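For reference, the structure discussed in these notes is given below.
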Amino acid sequence: MNLDTKYWYLRDHKLFSVLSSSELKSICMISNFKSAKKGEIILFSHDENTRVYFLKKGTLKIVEIDDKGNEIVKDVLQKGDIFGEFTLTESQSDEYAVAVSDSVICCSFKMDDFEKLLEKNPQLSLSYTKWMGFRFKRLQNKYANLMFKDVRTRFKSFLEEWASKEGMANSDEIILKNYLTHQDIASLICSTRQTVTQLFNELKEQGILDYSRTEIILKKVA
């Protein structure tokens, strides 16, 4: 990817919007861009080269492989999200980031280079701190939901949040491209695949939603 293309991708990210054109051009020299198609893995938790990644296009999911070989979806990342060392934490289990949309583009920096950038640019450091605070608050809300809400409420909240981020709305419904399996959703809301399937069917019978392998349609309540 040439420097001009790198420049436009970086300028489009909120984190780097605080930098001047000359500062952006200078960090283009140390950035790396990677593209992936649906199903391709972006990185593993045990990769030797520690990098911080910025998702520029598409959708990823963070997957953990437990000691029994089961794949558990821990998070879904979208354009603008940051991941890497602090997302794929060191543990006894393996984790990886995999593309779930047709096209994914990520920008990355070596962790050492990124830390130096933060040291040299106070505004960038502040912007990054705000982003980390937002992410921490999101995790707090997620854990609060798991502790204090029943599975039906968690399921509906998950669909509502998903729709607010990616839904295509018209006069009476919101359409979501369905790239998550029932097991994926179950992992994200700490439930079981059977319960998620049951909830989908119940809400479908109640006229609240409709779904297929390719899309989920949420009906707007009058």
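The values are calculated or read from the model by the stated rules, or taken from the named source; none is laboratory data. Since the model is a prediction, treat every value here as computed from it, not as a measurement. Here the Cβ is made from the backbone with ideal geometry for all residues, glycine too, and neighbour counts use every protein chain on show.
Computed quantities for the displayed model
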read-out: Among (1) more than 25 Å from Ser187 (Cβ to Cβ); (2) among the hydroxyl-bearing types (Ser, Thr, Tyr); (3) within 15 Å of the chain's Cα centre (by Cα), the one test that Tyr96 misses; value: (1)
read-out: Selection status of Lys25, surrounded by 13 or more Cβ atoms within 10 Å (Cβ to Cβ), at pLDDT 85 or above and of a type in the set (Lys, Arg); value: yes
read-out: Considering residues of the range 160-183 that are assigned to a helix (DSSP H, G or I) and either among the polar types (S, T, N, Q) or at pLDDT below 95 (or both) only, the residue surrounded by the most Cβ atoms within 10 Å (Cβ to Cβ); value: Trp162
read-out: Pair list, Cβ under 7 Å, 6 or more apart: the range 190-203 residue surrounded by 14 or more Cβ atoms within 10 Å (Cβ to Cβ), other residue among the β-branched types (Val, Ile, Thr) and part of a helix (DSSP H, G or I); value: Ser191/Val151; Thr195/Val151; Val196/Ile185
